[in-house]
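Asker: Please find one structure pasted underneath; my questions will follow.
Derivation of every value follows stated rules applied to the coordinates shown; laboratory data play no part. If you're wondering where the values come from, they're calculated on a predicted model, not measured in any experiment. Backbone-built Cβ (ideal geometry, glycine too); neighbour counts: all protein chains shown.
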Amino acid sequence: MKTAIITGVTGQDGSYLSDLLIDKGYKVIGTYRRTVSDFENKCQNITHLLDDGNFILEEADVTDSSSLYRLISEYQPDEYYNLAAQSHVGTSFKTPVSTTEINMMGCLYALEAIRLQKPSCKFYQASTSEMFGDNTQCPQGLDTHFSPVSPYACAKLAAHHMVSTYRKSYGIYACSGILFNHESPRRGENFVTRKITKAAARIKLGLQDELRLGNLSAQRDWGHAADYVKGMWMMLQHEVADDYVLATGKTNSVQEFLEYVFDYAGLDIKDHVVIDPKFYRPCEVPKLWGDPSKMMKTLGWVPEYDFEELAMEMYEQDLKKQYFKLNKTIDSNV
Ligand code: NDP
Ligand code: GDR
């Protein structure tokens, strides 16, 4: 039985990756960090795993190197997926230092712990298309010049280079997956797709009237998280460690995502959507459109979801959740 450590297991990708690895017979050590917010809410993406005998939840902070040393020494993992991050690009402009500590140093601490305690452990780093920044040369691939425009992307780019340095200098099996945006019903509620699907569901049920958004012209290559975690795992099963791009190869604007969801829900954008400069970023990434050809040719990765299926699933799941909450409130009032 293989053992994998997944940091950031309560997040979107950590939860899908846990599902996949447990299904494949792994023992999964998922890490979360304690915060004052209630445990149940924090663990909502992994509630279904908490009683699984092959899933162990461990407390760790990736900026605390000792917690990573302890985990690697105790569990002697075969694979380590570094997914923990301050992952909100907009927030990184307000918290550049802690974002860098988590997104850059968190990666370095893990690489060092592996090098010193279990050098045969394979390492996956969650790199990002944000590293291409304002370079709009499309489609973006492994040869595209990086041009980060946020503290988030700068920290991720430093970590990205650290990964290839550990691969070349120390012989660690370390891969970076440069992943383009991927979403799902488990996506955090302050990312634009989920903000839109949740708001559309609430407007439909009469629970909300207005949706305030920022820049609608940004274009993103949006895929489904379930497809992307499969790609992460495939990268670590190849004979040699390498870097890859995971993307759908198609791009859509935020406006197009909004239109699709509102049309599907039978709502009129003009009646509900307000542009609020509060959600503009000091510097924007205008267009992301990835080239996944290496991933497809070398590893045989093929995404199962398309843009419309993704948007539809997210809206339907939000509608169900909001309907359930509404009925619970009505029940408790009668
Ligand atoms: P999420 O924001 O959903 O999850 C991030 C996780 O990291 C959360 O569980 C969070 O826990 C945890 N975390 C944050 N800080 C720390 C810390 N100091 N120590 C331990 N855990 C911490 O992100 P996603 O699942 O969407 O993304 C996974 C990774 O992939 C991230 O690294 C992200 O930057 C990267 N990525 C994501 C893409 C996407 O489109 N989703 C695309 C490209 C890259 P808490 O609740 O405590 O904050
Ligand atoms: P992104 O995702 O920054 O691409 O990073 P996000 O959904 O936050 O923004 C996408 C685009 O939508 C515009 N936008 C808004 N964004 C948010 N969050 N809220 C709004 O109200 C809003 N209105 C318009 C943004 O300006 C942006 O152009 C995600 C994260 O998962 C990163 O961790 C990951 O590395 C990248 O994707 C690839």
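Asker: Among Met104, Met296, Met131, rank each residue by its count of other Cβ atoms within 10 Å, from fewest to most, as a rough exposure measure.
Answerer: Fewest-to-most ranking of Met104, Met296, Met131: Met296, Met104, Met131.
Asker: Here's something else I'd like to know. Using the count of nearby Cβ atoms within 10 Å as a rough guide to exposure, how do Lys230, Lys2, Lys198 rank from fewest to most?
Answerer: Lys2, Lys230, Lys198
Asker: Hey, if you drop one equal point scatterer on each alpha-carbon of the chain and run the Debye formula without solvent, what base-10 log of I(q)/I(0) do you get at q = 0.15 Å⁻¹?
Answerer: So the normalised log intensities work out to -1.33.
Asker: Using the Karplus curve 6.51 cos²θ - 1.76 cosθ + 1.60 with θ = phi - 60°, work out ³J(HN,Hα) for each residue of segment 197-204 in order, rounded to whole Hz, and write x for Gly and Pro.
Answerer: 5, 5, 5, 4, 5, 5, 5, 4
Asker: Which entries of Lys42/Lys321; Lys156/Lys278; Lys42/Lys204; Lys122/Lys230; Lys118/Lys230 show an alpha-carbon separation above 18 angstrom in the structure shown?
Answerer: Lys156/Lys278; Lys42/Lys204; Lys118/Lys230
Asker: Further question: Based on the Cβ-Cβ distance from Lys250 to His272, what FRET efficiency comes out when R0 is 41 Å, to the nearest 0.05?
Answerer: According to the calculation, E is roughly 0.95.
Asker: Could you work out the equivalent-ellipsoid semi-axes for segment 216-334, taking the square root of 5 times each eigenvalue of the Cα gyration tensor, largest first, in whole Å?
Answerer: 34, 21, 13
Asker: Something else: Tell me which residues come under 5 Å, amide H to amide H, from Tyr81 once H is placed; ignore anything under 5 positions away on its chain.
Answerer: Sorted by chain and number, the residues that satisfy this are Ile5, Ile6, Thr7, Tyr124.
Asker: Reported to two decimal places, what Rg/Rh ratio describes segment 1-108 when computed on Cα atoms with Rh from the Kirkwood expression? Kindly include the intermediate steps, with their values, before the conclusion.
Answerer: Numbers: Rg = 13.7 Å, Rh = 14.2 Å.
Taking Rg over the Kirkwood Rh, I get 0.96.
Asker: May I ask which residue of Met312, Ser332, Leu299 lies farthest towards the positive end of the charge dipole of segment 273-333, with charges of +1 (Lys, Arg) and -1 (Asp, Glu) on Cβ and the Cα centre as origin?
Answerer: Going by the Cα projections, it comes out as Ser332.
Asker: Sorted from fewest to most neighbouring beta carbons within 10 Å, what does the list Lys297, Lys122, Lys204 look like?
Answerer: Lys297, Lys204, Lys122
Asker: What is the set of long-range amide H partners of Thr248 at a cut-off below 5 Å, with H atoms built 1.01 Å from backbone N?
Answerer: For Thr248, the qualifying residues are Gly290.
Asker: Now, a different point. Set the Förster distance to 35 Å, then compute FRET efficiency between Gln208 and Ile56 from the Cβ-Cβ distance, nearest 0.05.
Answerer: Once the sixth-power term is evaluated, E becomes 0.35.
Asker: Pop out the Kirkwood hydrodynamic radius of segment 262-306 from its pairwise C-alpha distances, inverse of mean 1/r, in Å to one decimal. The partial results should precede the final answer.
Answerer: On the way: mean 1/r = 0.0663 Å⁻¹.
That comes to 15.1 Å for segment 262-306.
Asker: Roughly how far apart, in whole Å, are the Cα centres of segment 12-61 and segment 148-214?
Answerer: 19
Asker: State the antiparallel share, in %, of DSSP beta bridges confined to segment 134-291, rounding to the nearest 5. Don't skip to the answer; put the middle values down first.
Answerer: Details: 2 of 12 bridges.
DSSP beta bridges in segment 134-291 are roughly 15 percent antiparallel.
Asker: In addition: What ³J(HN,Hα) values, in whole Hz, does the Karplus curve 6.51 cos²θ - 1.76 cosθ + 1.60 give for segment 259-267 when θ = phi - 60°, with x put for Gly and Pro?
Answerer: The phi angles translate into 4, 4, 5, 5, 4, 4, 7, x, 10 Hz.
Asker: Nearest-5 percent of antiparallel DSSP beta bridges in the chain?
Answerer: Working: 2 of 36 bridges.
So the antiparallel bridges in the chain amount to around 5 percent.
Asker: Oh, and also: Between Pro277, Pro96, Pro119, which gets the highest mean-square fluctuation from a Gaussian network model of the chain, Cα cutoff 10 Å?
Answerer: Pro277
Asker: Output wanted: per-residue J couplings in Hz (rounded whole) for segment 102-114, from phi through Karplus 6.51 cos²θ - 1.76 cosθ + 1.60, θ = phi - 60°, x for Gly and Pro.
Answerer: In residue order, the calculated couplings are 6, 7, 9, 5, x, 6, 5, 4, 5, 4, 5, 4, 5 Hz.
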